[in-house]
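The values are calculated or read from the model by the stated rules, or taken from the named source; none is laboratory data. Worth saying up front: this structure is predicted, and the values here are computed from it rather than measured. Methodologically, a virtual Cβ is constructed for each residue, glycine included, from the backbone with ideal geometry; neighbour enumeration extends over all protein chains shown. Keep in mind that these areas ignore ligands, DNA and RNA; they rest on the heavy atoms of the full protein, side chains included. Shrake-Rupley method; radii C 1.70, N 1.55, O 1.52, S 1.80 Å.
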Amino acid sequence: MTYADVFGKLTIQAFQHDAIIMGASALMALMTLAVIVLLTYKRRWVWLWKVWLTSLDPKKIGVMYFIVACLMLLKGVIDAIMMRAQQAMAVGENMGYLTADHYQQIFTAHGTVMIFFVGMGVVFALSNLIIPLQIGARDVAFPFLNAVSFWLFFVGFLLLNISLPIGDFSTAGWVAYPPLSGLKYSPGVGVDYWIWSVQIAGIGSLLAGLNFFVTICRMRCPGMTFWRMPVFVWAMLATTVLIIFAFPILTATLALLALDRVLDMHFFTTEGGGNPMMYVNLIWAWGHPEVYILILPAFGVFSETVATFSKKRLFGYHSMIWAIIVITILSFIVWLHHFFTMGASPSVNAFFGAMTMLIAVPTGVKIFNWIFTMYQGIVKLHTSMLWFIGFVIVFTIGGMAGILLSIAPVDFQTHNSLFLVAHFHSVIIGGVVWGFFSGIGYWFPKFTGFKLDERLGKWAFYCWFFGFLFAFIPLYILGLMGMTRRLNQYEAGMGWQPLLIIASFGVFLIACGVTIQVIQLIVSAKHRKKNRDLTGDPWDGRTLEWSLPSPPPLYNFAILPEVDDHDAFWEMKKKGEAHKKPAHYEDIMVPKDTPMGMIIGFWVFVLGFAIVWQIIWLGVVSLVTVFACLIKHLSYDEPEYVLSAAKVKEMEEKARHES
């Protein structure tokens, strides 16, 4: 038996890096060790295991998605700081502080982190936390599948981050176009890490999408027809439809690329008879629906916060729903605008350009509806509303830039330039990230029992808002000046450095905003008694989640509500029925917590690591173990237990008393 038979391609060289990567690896190890020491010192390992790691409660799973998304957001911001610092310095003969290879790894990691782990993490954090409460359900349709989905997502997170100390990450960009992502130009394990971190997390996202689609369709409370669902639930229903149809394309595309690399097949290698353009079409046939998978939940969040903090019914409820439906349909027929320059005929480019312009219409409908909701309302400028106002400004700028890019001749001039980068970030940061922040400020007291510090929240918003303008308005100008993305060094005569220094200052302001948000969490937790939500309804909310104590009990609803309006709780309050004590309670079936989801996740991580390093025996063992764990769990006869009516009554009275 040879060394390769045991360890595959894994050698001592995989652990040898330059000083920056070694320092980052050491910092990551120290942070992990600090968490372990803290848990040991506080004697919280049993609590962590029983309350969190083995939980099937969607609220707990949602919080874990939230934690992973926040950690990856911190990584994404650090990556952005490193890239902008490099570009501000690396002019003329000065090569900066990063090697070209390291810069391209950071570039790829930044895009991958923000789309697959921040964006999708936010989507499923909100799905788990809010959907069951807003539709009046006690759980999701498939609790165990929900846990498995999270742990697959977490495995993708681990694989991406472990590439820092062991091996390297892809330099082929976050969509990994061949031939650059093929073996000829990327012979190391970087692309393999990218493939399997994204593939495993993507499968978890697909399973979660199926779960929440069934949850929304089959578990709504009595009286809640589709036309009585809150707009947030409608946005999430459309999102799950997009996931169900788009993510299989991603799964198949990554599988074909993996086969090209591992088994030397030639789906995308020209010299072997393959076609790289097939990959480009496939990845964007997933990629543009993915943009709306990320943005539609943010639209749902803003629909809730604007109505609540304007003290008005949402203007144009039905038009909002139809706008969501139209966006969902059109999102599948605009993907080619990502590669107008790659040889399609003028008629094809014209069709996809027209569809891209058309999809702006329902988006505009939504923005005007939100503004009309605020008109003559009693608007409270809570932090969540500030994020909305910032979104309208930045997203509109990005949207207008997108309309320009839908014109093929304009796109020919700006393709692959920083103009495109600025447009994309205007949409993703201004929409997805700020929508997430708006939702955090709005729903945070519902799940923690206390409100976030408003003063610090507003400071964070101003840092983010003005930081974004400083960071990305210069990129629009640089793109028109001809600067392309991915450049780690450029000639002094190009005249780009002053604008890149301004952009770096903007990223610094954003980093200040992130720092203030971390301080905000710490300060709010420290003063949680002062900021405690004693009502369960701190904002005078309109939907069912605000009818529950803060935080909600394990089973959500002791008695399933019956609704007759999409603003169900608002109507209950108007009728004086908001907090009526039920005449009697009933037994409730609750899924038993199980560590099997985490165990499956561990062995899938081992499988992914084994495939990356081609350790065949370990891959076989881990794959067999995953199937054995699934069979064992699925053959379990009693996955639920009964929470007696007496226990439910006791828990309700305690929760209501504490609230």
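Give, as a single signed number, the net charge of other residues whose beta carbon lies under 13 Å from the beta carbon of Thr99, with Lys and Arg counted +1 and Asp and Glu -1.
Working: positive: none; negative: Asp18, Asp101, Asp168.
Charge balance near Thr99 sits at -3.
For the chain, what is one quarter of the convex hull surface built on the Cα atoms, given in nm²?
Computed as one quarter of the Cα hull surface, the answer is 30.3 nm².
Helix 616-634 against the longest principal axis of the chain: what's the angle in degrees, Cα atoms only, rounded to the nearest 10?
The helix 616-634 is inclined about 10 degrees to the chain.
Once you charge only the Cβ atoms, +1 for Lys and Arg and -1 for Asp and Glu, what is the size of the charge dipole of region 278-427 about its Cα centre, to the nearest 20 debye?
About 540 debye.
Using r as the Cβ-Cβ distance of Glu586 and Lys526, and R0 as 41 Å, what FRET efficiency do you calculate, to the nearest 0.05?
Efficiency computed from Cβ-Cβ geometry: 0.55.
Could you work out the per residue convex hull volume over the alpha carbons of region 200-317, in cubic angstrom?
Residue-normalised Cα hull volume stands at 116 Å³.
Counting only the backbone N, which residues of region 191-233 are under 20 Å from the spot 7 Å out from the Cα of Phe627 toward its beta-carbon?
Taking a point 7 Å out along Cα→Cβ of Phe627, the residues of region 191-233 whose backbone N falls under 20 Å are 200, 203-204.
Express in nm, to one decimal, how much length is gained between His266 and Ser345 on full extension, taking 0.36 nm for each residue of separation and deducting their alpha carbon distance.
Gain in length upon complete extension: 25.8 nm.
By per-residue mean of other Cβ atoms within 10 Å, what is the highest-first order of 153-164, 637-648?
Details: 153-164: 23.1, 637-648: 12.2.
Descending packing order for the listed peptides: 153-164, 637-648.
Using 0.36 nm times the number of residues separating Cys217 and Val392, minus their current alpha carbon distance, what extension gain do you get?
Separation in residues times 0.36 nm, less the Cα-Cα distance, equals 59.9 nm.
Evaluate region 435-565: find the radius of gyration of its Cα atoms, find its Kirkwood radius, and give the ratio Rg to Rh. Before the final figure, lay out each step's value.
Values: Rg = 21.7 Å, Rh = 17.9 Å.
On the Cα set of region 435-565, Rg over Rh gives 1.21.
Which whole-Hz ³J(HN,Hα) couplings does region 506-515 yield from phi under the Karplus relation 6.51 cos²θ - 1.76 cosθ + 1.60, θ = phi - 60°, glycine and proline marked x?
Once θ is set to phi - 60°, the couplings for region 506-515 become x, 5, 4, 5, 4, 4, 4, x, 4, 4 Hz.
When averaged across all projection directions, what area in nm² does the alpha-carbon convex hull of region 189-233 cover?
Taking the Cα atoms of region 189-233, their convex hull projects to 3.9 nm² on average.
Phe450's amide H: which non-local residues (gap 5+, or another chain) put their own amide H closer than 5 Å, with H modeled 1.01 Å from N in plane and none for Pro or chain starts?
Here Asp533 satisfy the definition.
Only helical DSSP H runs with n ≥ 4 go in: add -39500 (n - 2.57) per run for the chain, normalise by residue count and round the 222 nm mean residue ellipticity to 500 deg cm²/dmol.
My calculation for the chain gives -22000 deg cm²/dmol from helical runs alone.
If amide H atoms are built 1.01 Å from N in the plane of the peptide, which residues on other chains or at least 5 residues away come under 5 Å of the amide H of Glu640?
Lys592
Assuming R0 = 56 Å, what is the FRET efficiency of Ser635 and Cys512, from their Cβ-Cβ distance, to the nearest 0.05?
Plugging the Cβ-Cβ distance into 1/(1 + (r/R0)^6) gives 0.55.
What order, most packed first, do the peptides 223-231, 268-276 have when packing is the mean number of other Cβ atoms within 10 Å of each residue?
Highest to lowest by the protection proxy: 223-231, 268-276.
What is the calculated FRET efficiency for Leu259 to Leu404, with r their C-beta to C-beta distance and R₀ = 25 Å, to the nearest 0.05?
0.05
Starting from the 7 Å offset along Cα-to-Cβ, what nm value, one decimal, do you get for the label separation of Ala4 and Val620?
1.7 nm
Where in region 343-367 is the amide nitrogen less than 12 Å from a point lying 7 Å along the Cα-to-Cβ axis of Tyr177?
Inside the label zone: 343.
Beta carbons within 10 angstrom, averaged per residue: use that to sort the peptides 385-393, 551-559, highest first.
Working: 385-393: 21.0, 551-559: 18.3.
In decreasing order of mean packing, 385-393, 551-559 become 385-393, 551-559.
Given a 1.4 angstrom probe, I'd like the percentage of the accessible area of the chain that is carbon and sulfur, rounded to a whole number.
71 percent
Enumerate the residues in region 540-562 having an amide nitrogen under 19 Å from the point lying 7 Å beyond the Cα of Lys311 toward its Cβ.
From region 540-562, the list is 540-543.
Give me the number: length gained by fully extending Gln413 to Asn94, i.e. 0.36 nm times residue separation minus the C-alpha to C-alpha distance, one decimal in nm.
So the extension gain works out to 112.0 nm.
Relative contact order for the chain using alpha-carbon pairs under 8 Å, separation at least 6, rounded to a whole percent? Each step should come with its number before you reach the end.
Details: 1003 pairs, mean separation 115.4, N = 659.
Result for the chain is 18 percent.
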